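This report refers to the structure that appears directly beneath it.
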Amino acid sequence: MTAELIFIFLTAAIINNFVFKYFLGICPFLGVSRRVDMAVGMGFAVTFVMTVAGVLTWIVYDLVLTRIGLEFLQYITFILIIAGAVQLVEMYIRKFFPSLYESFGIFLPMITTNCAILGACLFIQKFEYGFVQTLVFSIGAGLGFALAITIMAGIREELDFADVPKPFRGPGITLLTAAILAMAFSGFLIKR
Amino acid sequence: MSVDTAKEPQGDVVSSGPGGLEVQPAPHLTDPITTRRLMLDVIIALIPAFLASLVFFQWNSLRVLALCLIGCLATEYLFNRVRNKPNSLSDLSAVVTAIILAFSLPPTLPWFAVLMGAIVAIALGKMFFGGLGQNIFNPAMVGRAFLMVTFASLMTTWVAPAAEPGPPVPTDRVEAVTAATPLAQIKPGDPERPLPETWRLFVGRTAGSLGETSVIALLIGAAYLLIRRTIDWTIPFGMLGAALAFAAIAYLAAPGKFANPMFHLGAGSLVFGAFLIATDLVTSPLSKSGRVVFGAGCGVLTMVIRQFGTYPEGVMFSILMMNALAPLIGRWMRPTPLGGKARG
């Protein structure tokens, strides 16, 4: 059991990293990766929302929707739950980290439409995880996202001083860097 | 990155005082070490490994190296022409990239794949980031990673080295004999074959990439670089130390399942990576402690991939991953300035 949980965690965080393997959550990955402190903040915000949303959607889907035969409402309820979780985070950050709130700008409410979070909720249903596995998987996936965006922010701070050719500046070189990162992380491929 | 400060003094004489006294702008203290000199040292250090690869893989070794040189130098030249930048071929960094890429490729790789790898290495790995000193990733490893995901089966087809003892091969009917690399042999699912003896791993008479097989030839080059102080001990020490410690723990925990540390030292490109790839000045952290951590990360990730991943070898992946982490390591492991606290 413990070994399985560790495996789920490492798979979600590193081997099948949401950004590098599934290319999910690219908008905040490109939008908020300009500075390391912001990237860490966004990483933890996404981790929190992902954990809350993953657990709540598991409860709602497995304990409510399947009981009353309304599985087709899956997407709409998932989005609702994610939006609610994002509201919580937004109120918390606005109250306690006003400067971080300012610098996130539109990207904080945009977590609602972050495909990585909906993706995590749907993966949980697809893999038919139990409650504990769901918890571990969503934390792992969130921390994997935080890792990816922090690495990218470190690189982009370095690239501020680089003489990147004009057509590649901004999103261009960021996507190219992400491509190299995806190739590097493909080294963790595991056959099951 | 810091190696370029040592150009000739800019030479703008600001004013001539009485008696021909010259006033020059800073820097006044310069060092005779130039980028070109550092790269030349690396090239010299790679010569023994090249000679070894000539012995083991014969004309294939020359062919791959020539193609890599053509691809890398042409790409760098074209980029500078298009961007109206001064030609940077003479700093020899593209030559070093070409040699390291060639040494990390299988001897039988077809010409188009070699050429593509060389072009991607310089274009994607270096010129897109603005050229030497600004690249985040080791260009040669970017090229190799690209080939690995593009031509996976070509990149894992190996030939036995020449002068292989065993039943005579009818050379008039076959071009080459395929063989598994020592690291591929320890992967589960591979039919049981006797592993090569450790001495053969160190001499280098095994299947593998061009320049990685002969540990002894690589160590001769590494000793030259260490004596010239082109590289310092931090990264190789961190990488080899961490990898050997990891291998030793795994071996002691389950000797039947994992190969012994000496095997891991001799097989694959661990030594090549530790002394000649990971030590790249541009893509590693600046502080001493940062470089030890960088090396240790490379070593641990290499062993994780070798022992738990699907790929037999992890040196390239681990170096690329630690290249990506190098800016963060540099940020979080700043050396303490003399007489002050680190962060301010």
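A few notes on this one:
- Euclidean distance between Cα centres, the range A:123-192 to the range B:224-261, Å: 28 Å
- Loop-exposed trypsin sites (Lys or Arg not before Pro) per DSSP, neighbour cap 16 Cβ within 10 angstrom, longest uninterrupted part of chain B: B:84-172
- Of the complete DSSP H runs in chain B, those spanning 27 angstrom or more by Cα along the long axis with a mean Kyte-Doolittle score not below 0.0 are B:35-57, B:59-82, B:234-253, B:288-308.
- Amide H to amide H distances under 5 Å link B:Val159 with B:Thr108, B:Ala179, B:Gly208, where only residues 5 or more positions off or on other chains count and H is placed in the peptide plane.
- In the range A:21-151, Cα pairs under 8 Å separated by at least six residues give a relative contact order of 48 percent.
- Per-residue 3J(HN,Hα) values for the range A:114-119, derived from phi via the Karplus relation 6.51 cos²θ - 1.76 cosθ + 1.60 with θ = phi - 60°, read 5, 5, 4, 6, 4, x Hz in sequence order (x marks Gly and Pro).
- Cα centre as origin, Lys/Arg/Asp/Glu Cβ charges: chain B dipole, Debye: 680 debye
- Cβ crowding within 10 Å averaged over residues, with B:231-239, A:34-42 ranked highest first: B:231-239, A:34-42
- Order of B:Leu154, B:Leu67 under a 10 Å beta carbon neighbour criterion, fewest first: B:Leu154, B:Leu67
- Rounded if a/c under 1.5, otherwise prolate or oblate - chain A, Cα gyration tensor axes: oblate
- Unit charges on C-beta of K, R, D, E only; dipole of the protein assembly as shown, Debye: 320 debye
- Counts of other chain beta carbons within 10 angstrom of each beta carbon in peptide A:174-184 average 6.
- Cα gyration tensor shape of the range B:35-332, rounded if a/c is under 1.5, else prolate or oblate by comparing a/b with b/c: oblate
- Chain lengthening between B:Lys288 and B:Phe308 when straightened (0.36 nm per residue, less Cα-Cα): 4.2 nm
- Note on chain B: GNM, Cα springs under 10 Å; of B:Leu78, B:Leu105, B:Leu218, the largest mean-square fluctuation is that of B:Leu78.
- Lys pairs, the protein assembly as shown - Cα-Cα below 22 angstrom, 8 or more residues apart or on other chains: 12
- Taking Cα centre as origin and charging only the Cβ of basic (Lys, Arg, +1) and acidic (Asp, Glu, -1) residues, the dipole magnitude of the range A:21-151 rounds to 180 debye.
- Residue mean of other protein chain beta carbons inside 10 Å, B:127-139: 5
- Rounded to 10°, Cα long-axis angle of helix A:74-96 versus longest principal axis of chain A: 50 degrees
- Once the GluC sites (Glu not before Pro) in DSSP loops with at most 16 neighbouring Cβ atoms within 10 Å are cut out of chain B, the longest remaining piece is B:1-174.
- Take each residue of peptide A:158-165, count the partner chain Cβ atoms within 10 Å of its Cβ, and average: the result is 6.
- Global form of the protein assembly as shown, assessed from the alpha-carbon gyration tensor, a/c cut-off 1.5: oblate
Every number here is computed from the coordinates shown, using simple stated rules; none is lab data. Being a predicted model, the structure only gives us computed values, none of them experimental. Heads up, the Cβs are rebuilt from the backbone with ideal geometry, glycines too, and the neighbour counts pull from every protein chain shown.
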